[in-house]
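Okay, so here's the structure we're looking at.
Values quoted throughout were computed directly from the atomic coordinates according to the rules given, and no laboratory measurement underlies them. Just so you know, these numbers come straight off a predicted model, no measurement behind them. Cβ coordinates were reconstructed from backbone atoms using ideal geometry, including for glycine residues, and neighbour counts include every protein chain displayed.
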Amino acid sequence: MPAKPRIAVIMDENTSVDGTRYDMTKNYFIGIQRAGGMPFGIPYFMDMVETVVDEFDGFVNVGGRFAFPDEWFLGGQVSKAPQSERLGVELALMRGFLECDKPVLGICNGMQVLAGLHGCRLSPDVRAIGPHIMEHDKRGHEHSVTIRENTLLSGIVGQHELSVNTFHREAVVELSDNVVASAYAKDGVIEAIEVPSRRFALGVQWHQELFARQDHPGNAIFEAFVKAAGQA
């Protein structure tokens with residue numbers, strides 16, 4: 001029986017309190033396990049990065065709220081989130097997996113990191129983009145996203161629209177030539193990106209892991225990611 005792909009999942013933390021605890025939903029691990037992978041939580045130790053990149057088949061960069069580098073933002077804006085020791089380890093892991101062309105999946109914060117590393121620009125406050133922007137930072141709320149044809153995401157999901165959850169304050173607002181937007185909300189906010197130069201580098205703004213226990217078409221993202229990791 002072939003070995004299941006080993007998936008590195010960076011841990012989240014309780015930055016909303018004091019940042020002293022790893023704190024995250026089990027659903028990231030459930031989504032990967034149900035898709036046929038073996039998920040492992042990765043703590044924030046820089047001396048582990050090289051080993052993790054070498055020994056694991058794929059990387060999931062999960063949601064979280066902490067400050068990104070100032071140069072990632074438009075017009076001299078800066079993040080309103082707290083600082084975190086997670087950032088340095090997360091960037092090193094993402095760079096390492098991308099350089100090896102091993103699959104990466106970014107969820108919410110993870111999508112923004114994928115964007116920032118490829119020259120895109122962010123807004124620290126999605127509602128400040130314009131009066132037409134709906135409330136995106138609302139747990140329990142769902143809205144539809146439109147998936148662009150002829151993208152990695154469209155091939156995975158196999159449909160033109162998805163109903164997704166939404167809770168994020170920051171957003172990708174300017175794309176570089178290295179990145180393709182593969183889904184948009186009805187108000188124009190970018191909801192998914194991908195990096196065509198890599199075999200599998202996909203970011204989604206919504207929290208697909210919260211659908212992991214349900215029959216949701218977006219769970220095909222976990223399946224495609226794990227399949228790609230198995231081919232690493």
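Taking other C-beta atoms within 10 Å as the exposure proxy, Lys138, Lys227, Lys102 rank Lys138, Lys227, Lys102 from fewest upward.
Amide H contacts under 5 Å for His141: Thr166, restricted to partners 5 or more places along the chain or on a different chain, H placed in the peptide plane at 1.01 Å from N.
A Förster distance of 41 Å, applied to the separation of the beta-carbon atoms of Phe40 and His132, puts the FRET efficiency at 0.45.
Magnitude of the charge dipole for the range 6-230, about its Cα centre and with charges confined to Cβ atoms of Lys, Arg (+1) and Asp, Glu (-1), is about 400 debye. Taking other Cβ atoms within 10 Å as a rough exposure proxy, Phe211, Phe45, Phe225, Phe40 sort from fewest to most as Phe45, Phe40, Phe211, Phe225.
Once backbone amide H atoms are built at 1.01 Å from N, Ile42 has Val9, Ile10, Met11 as its partners under 5 Å, excluding neighbours fewer than 5 places away on the same chain. All C-alpha pair distances within the chain, sorted into 10 Å bins from zero, spread as 8, 35, 40, 15, 1, 0 percent across the bins. For the chain, adding -39500 (n - 2.57) for each run of n ≥ 4 DSSP H residues and dividing by the number of residues yields -6500 deg cm²/dmol at 222 nm.
Report relative contact order for the range 154-232 in percent, whole number only (criteria: Cα-Cα under 8 Å, sequence separation at least 6). Relative contact order here is 27 percent.
Converting phi to 3J(HN,Hα) with the Karplus coefficients 6.51, -1.76 and 1.60 and the offset θ = phi - 60°, the range 140-154 yields x, 8, 10, 8, 8, 10, 9, 9, 6, 5, 6, 10, 4, 4, 5 Hz in sequence order, with x at every glycine or proline. Think of the range 1-104 as a dipole: +1 on every Lys or Arg Cβ, -1 on every Asp or Glu Cβ, centred on the Cα centre; then among Ile30, Ser16, Trp72, Ile30 lies furthest on the positive end. Placing R0 at 22 angstrom, the Cβ-Cβ distance between Asp47 and Gln83 gives a FRET efficiency of 0.60 after rounding to 0.05.
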